[in-house]
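> Quick one: the structure is below, and I'll ask about it shortly.
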Amino acid sequence: MKLFFFTGILTFSTSLLFAQNIDKIINAKEVERIEKTLSSDEMRGRRAFTPDIDRAADFIADEFKKAGLQTFLPAGQAGNNPGSYLQQFSMVRSQVISSHTELDGDILDPKNVSINSSHNTVQADQNSGYEIATIKPGGNLFREATAFIQSGKNMLVFVDTSYASGFSRLSFGRRASFKTENNVIFLLANKIPQKFSIEAKQEITEQKLANVVGILPGKKLKDEYVIFSGHYDHLGVGKPVNGDSIYNGANDDASGTTAVIMLAKYFKQLNNNERTIVFAAFTAEEVGGFGSQYFSKQFDPAKVVGMFNIEMIGTESKWGRNSAYITGYEKTNMGAILQKNLEGSGFTFYPDPYPKQSLFYRSDNATLARLGVPAHTISTSKMGTPPEEPSEPNYHKVSDEIGTLDMDNMAMIINAVALSSRDIISGKETPSRVKADELR
């Protein structure tokens, strides 16, 4: 009994000591070291599908290793190296070489056909068992098209000709997509024919991507997960502006990735997490959010207690320093839990002040949020519409460089995230789920 009591006091004292000395781990000097490397010209803007993002991934993996994180190999990832922090997956690009489509004997112009498929040859007719669907006038063409693609079914989708001006942008071969077994064929035609015949040949190119993921196993609640994340890709190299062609992405989102690395170091040294903590740096956010989509689908959402996605925290929020906002604040009680843990700190988490921007579903938290997980993005980025409200002057510009960021304020924000999350990590608090009627 005495030994148990003494051990309890020692554990509590150690936790209190680390909480009091958090600035020794999370400080502006260390924040600047990491941020400076990620946003350097040598990283050349960290664009997905380039060697530049591989250099960034290696740096992040090395920081995870130095912090003492374990590698994390989700179910179904046997092809990855179990000793690696890289969570690898494949994307494909398709280029139509030839196509021929007939609807009730009439030949449809190839420009009015768009195919989403990972197969070299695509063939379909009225006897092929394809599910028929339509996109009617007045809808959201791309949102509805994406839903059909994600259905997992072979589908023939007739798109009303009122979408003619935007139909060419449904050419999914122009961008990467996940490798799928199903075919989804979009036809710009108002009438559903009784007979149809479609044949296309494609050139398929497979490309590799990788998230960087590390883990701190929990103690008593190791099958319950808390995720800290940010995306490490950016726009790469573009057309020169005043002699500068590198989009460094210091704020977007080297700042969030820096926070994830700092939090990994802090929680590893604290070493008292009852729940398992997962630290993830996502790839390919800027080209479709593919990294977070892949990562999120490796989890049973019922086991994910909360997700802290950190996006653009390098500048002051609209309320000034020592503050940030949480997207989807009203959808769960997670924000209230965080703020309660910050009483007396002088730091404030506000609800998202830009509801018209739909930020809750526009960042890397979205996949898990749509599955009911209290997955929120923390940010300070000003996303207003000038002249009524200010916006970030360097967003998606070559001027998004480290010199525009506030290292001291970044350290305070990361500090606040660490301290505010302690009751969730310890298992004392469990945030409410996103309700079905709150989902879009």
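> Which of THR257, THR348, THR315, THR37 has the fewest other C-beta atoms within 10 Å, and how do the rest follow up to the most?
With the sparsest Cβ surroundings first, the list reads THR348, THR37, THR315, THR257.
> Going by C-beta contacts inside 10 Å, put VAL260, VAL241 in order with the fewest on the left.
Sorted ascending by nearby Cβ count, the order is VAL241, VAL260.
> What are the extents of the Cα atoms of segment 286-326 along their three principal axes, listed from largest to smallest and rounded to whole Å?
Cα spread of segment 286-326 along its principal axes, largest to smallest: 38, 27, 11 Å.
> Mean shadow of segment 106-194, computed from the convex hull of its alpha carbons, in nm²?
If I average the Cα hull's projected area over directions, I get 5.8 nm².
> Gaussian network model of the chain, Cα springs within a sub-10 Å range: biggest mean-square fluctuation belongs to which of SER90, SER245, SER162?
Judging by the Gaussian network model, the answer is SER162.
> Over the Cα atoms of segment 274-364, what Rg and Dmax result, in angstrom?
That works out to 14.5, 41 Å for Rg and Dmax.
> Next question. Using the Cα atoms of the chain to build a convex hull, what is its mean projected area in square nanometres?
The Cα convex hull of the chain, projected and averaged over all directions, gives 24.1 nm².
> Let me ask you something else. ASP125: net charge of surrounding residues, Cβ under 13 Å, Lys/Arg +1, Asp/Glu -1, itself excluded?
With Lys, Arg at +1 and Asp, Glu at -1, the net is -2.
> Let me ask something else. Taking just the C-alpha trace of segment 183-243, give me its Rg and Dmax in Å.
23.6, 61
> What order do you get for ILE34, ILE326 when you list them from fewest to most C-beta neighbours inside 10 Å?
With the fewest neighbours first, ILE34, ILE326 line up as ILE34, ILE326.
> Past 27 Å, Cα to Cα: identify those pairs from LYS36/LYS268; LYS153/LYS331; LYS220/LYS340; LYS268/LYS331; LYS29/LYS397, in the order given.
Where the Cα-Cα span goes over 27 Å, the pairs concerned are LYS153/LYS331; LYS268/LYS331.
> In the Gaussian network model of the chain, springs joining C-alpha atoms below 10 Å, which of VAL159, VAL226, VAL31 carries the largest mean-square fluctuation?
In the Gaussian network model the winner is VAL159.
> Now for a separate question. Per-residue ellipticity at 222 nm for the chain, helices alone: DSSP H runs ≥ 4 residues times -39500 (n - 2.57), over residue total, nearest 500 deg cm²/dmol?
-7500 deg cm²/dmol
> I've got another one for you. Computed over the Cα atoms of segment 140-242, what is the convex hull's projected area averaged over all directions, in nm²?
About 12.4 nm², averaged over all directions.
Any read-out appearing in this document is the output of simple, stated calculations on the displayed coordinates, not a laboratory observation. These numbers come from a predicted model, not from an experiment. For neighbour counting, all protein chains shown are included, and Cβ atoms are generated from backbone atoms with ideal geometry for every residue, glycine included.
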